[in-house]
1. With just the Cα atoms defining each centre, how far is the stretch 12-31 from the stretch 56-102? Give it in Å.
2. Any idea what the relative contact order of the chain is, in percent, if you count C-alpha pairs under 8 Å spaced at least 6 apart?
3. If only Cα atoms are counted, what is the Rg of the stretch 52-108, and what is its Dmax, in Å?
4. Taking the stretch 2-31, which GluC sites (Glu not before Pro) meet the DSSP loop condition and have no more than 12 other C-beta atoms within 10 Å?
5. Quick one: helix 21-37 against the long Cα principal axis of the chain, what's the angle to the nearest 10°, folded into 0 to 90?
6. State the percent of C-alpha pairs, over all pairs in the stretch 29-74, separated by a distance greater than 14 angstrom.
7. What does the charge dipole of the chain about its Cα centre add up to, to the nearest 20 debye, if the Cβ of each Lys and Arg holds +1 and the Cβ of each Asp and Glu holds -1?
8. Kindly put LEU65, LEU77, LEU7 in sequence by how many other C-beta atoms sit within 10 Å of each C-beta, fewest to most.
Amino acid sequence: MSDTKVLRHVVMFGFRETASHAEIDEIIRRLVALKDLVPGIESLEWGENNSPEGKANGLSHCFLLTFASEAARDAYLPHPDHAAFSSFARPWIDRVTVIDYWAETGAP
């Protein structure tokens, strides 16, 4: 097992009731495209909530971006393509939660 840690950047969206499926699909397409537009994103995956627990608090979509360093993540945040994505998506997003963490395995 490798001791290499990676920085996870988790973004969760809840969309306005007025957002259409086509608009949500376009937001997803644009966010996923950031992987090829912004240097430093090691991987990007996403999915739609399907938990039966009912604890999503209005969040429906989760995006997991992986960075090798805080510097790479910090360069991503103000990157012009990320800023353009945020400006585009903002009108359809009702709520957003973001959390970053260094991925660990096992107990401390």
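Each value in this text was obtained by applying a stated rule to the coordinates, not by laboratory testing. Predicted, not measured: the structure shown is a model, and the values here were computed from it. Positions of Cβ are generated from backbone atoms using ideal geometry, with glycine treated the same way; all protein chains shown enter the neighbour counts.
1. Between the Cα centre of the stretch 12-31 and that of the stretch 56-102, the gap is 14 Å.
2. On the way: 158 pairs, mean separation 51.1, N = 108.
The value is 47 percent.
3. Considering the stretch 52-108 through its Cα atoms, Rg and Dmax are 14.5, 41 Å.
4. On the way: sites: GLU17, GLU23, GLU26; in loops: GLU17.
Taking the stretch 2-31 and a limit of 12 other Cβ atoms within 10 Å, the loop GluC sites (Glu not before Pro) found are GLU17.
5. 30
6. Numbers: 581 of 1035 pairs.
Of the Cα pairs, 56 percent sit more than 14 Å apart.
7. Values: 10 positive and 16 negative charges, 33 e Å.
Value, rounded to 20: 160 debye.
8. LEU77, LEU7, LEU65
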